[in-house]
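Just so you know, all these numbers are worked out from the coordinates, no wet-lab data involved. It should be emphasised that the depicted structure is a prediction, and the values quoted were computed from it without experimental measurement. Ideal geometry is used to build each Cβ from the backbone, glycine not excepted, and the neighbour counts take in all protein chains shown.
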Amino acid sequence: MTTVDCSGIDLGSNEDDMRVWTADVSWVIDDDQLVDAEDLAAHVAAIGQMMLGVPVEQLAERIAAQLANQSVFRSVTVTVHMHWKAPLRTFEQLSATVTANRQSSANPSAAAANTGGEESASTHDGALPVDPSYRDAVISLHSAALNAEQLFREVIVTLDSMPGNQVDGISPLYFVGSLNGTDGHAAVIKLSTAMGVRQLNQVLDALHTTHEGAVQLSVVATGKVGDESLHAPKGAADHHLGAAVLEPWAAMDPNASYNGDPLAYLLAMAPDSAQVGVESERWVMGGGR
């Protein structure tokens, strides 16, 4: 195994106050894996800029959870620092550290500490309680645009930054062939959300419009948090999912089922499975296969 450290990632600053945010990221990977540090830093910076101003522990948790969804990492440790531009407070810096392991969400046992300050934030151990109002939603992403990867990343960061949302899973990126020549790319994500399906669809429609229709987004299944047996959203027309949804979903969550049928069974019955193939397992970080 190899441990790599990347420090001093600029998350930006607010023009209307005296605070600056930076992040340090350390990750453990297998010896045969590579991670492009510049791409990782850019991804971390994008998350930070979308959530600038939130408490440091929340920002560290969100970045760690996003990175831990990538199968290339065995573990990820993220430290977010909030610095004062001028010595106007009783402390110079506030920081929070979160560690997340492969196939687990961020552990909010964040060590938040004041550097040069008068007091330190407390440490919290254990998992956050699950709010019964939350649900899991599987969202499909599809685009024929040449910059589909970038569009998908922007959508994921936006959804993850919204209050009440957390992206808990990201599939590999798949190439989707078409008989009419309109080839594209597809992926799915699993989102833990406090939004209802109607509200979530409204958000997806707004993102579709924001990107000028270049990315198609859909809630394909919902269920209880942590439950691998998901169903079509209530009120949705009963329809068969194509391989462009089933392939990435099965890669992200092999044990999941849809409307009572295992994904592996549905995929074996999909007539368009030959048109879908994995392109990259590290696409969120800008890596290759």
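Tabulated data for the structure shown
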quantity	calculated
Three-way shape call for segment 189-279 based on the alpha-carbon gyration tensor, with the a/c threshold at 1.5	oblate
FRET efficiency estimate (nearest 0.05) - Cβ-Cβ, His231 to Val54, R0 41 angstrom	0.80
Phi to ³J(HN,Hα) by Karplus 6.51 cos²θ - 1.76 cosθ + 1.60 over segment 257-271, Hz, x for Gly, Pro	10, 10, 6, x, 9, x, 4, 4, 5, 4, 5, 5, 8, 6, x
Under 18 Å from the Ser178 label point (7 Å along Cα→beta-carbon), backbone N, segment 190-229	208-209, 211-218
Length added when fully stretched, Ser218-Cys6, from 0.36 nm per residue minus Cα-Cα	72.8 nm
Separation of alpha-carbon centers, segment 244-265 and segment 40-69, rounded to whole Å	28
Prolate/oblate/rounded call for segment 131-177, Cα gyration tensor, a/c under 1.5 rounded	prolate
Calculated Rg and Dmax of segment 23-100 using C-alpha coordinates, Å	13.7, 47
Table column - 3J(HN,Hα) (Hz), segment 209-225, Karplus curve with 6.51, -1.76, 1.60, x for Gly and Pro	5, 4, 9, 6, x, 7, 10, 9, 10, 8, 7, 9, 7, 9, x, 5, 4
Relative contact order for segment 135-285, counting Cα pairs under 8 Å that sit 6 or more residues apart, in percent	31
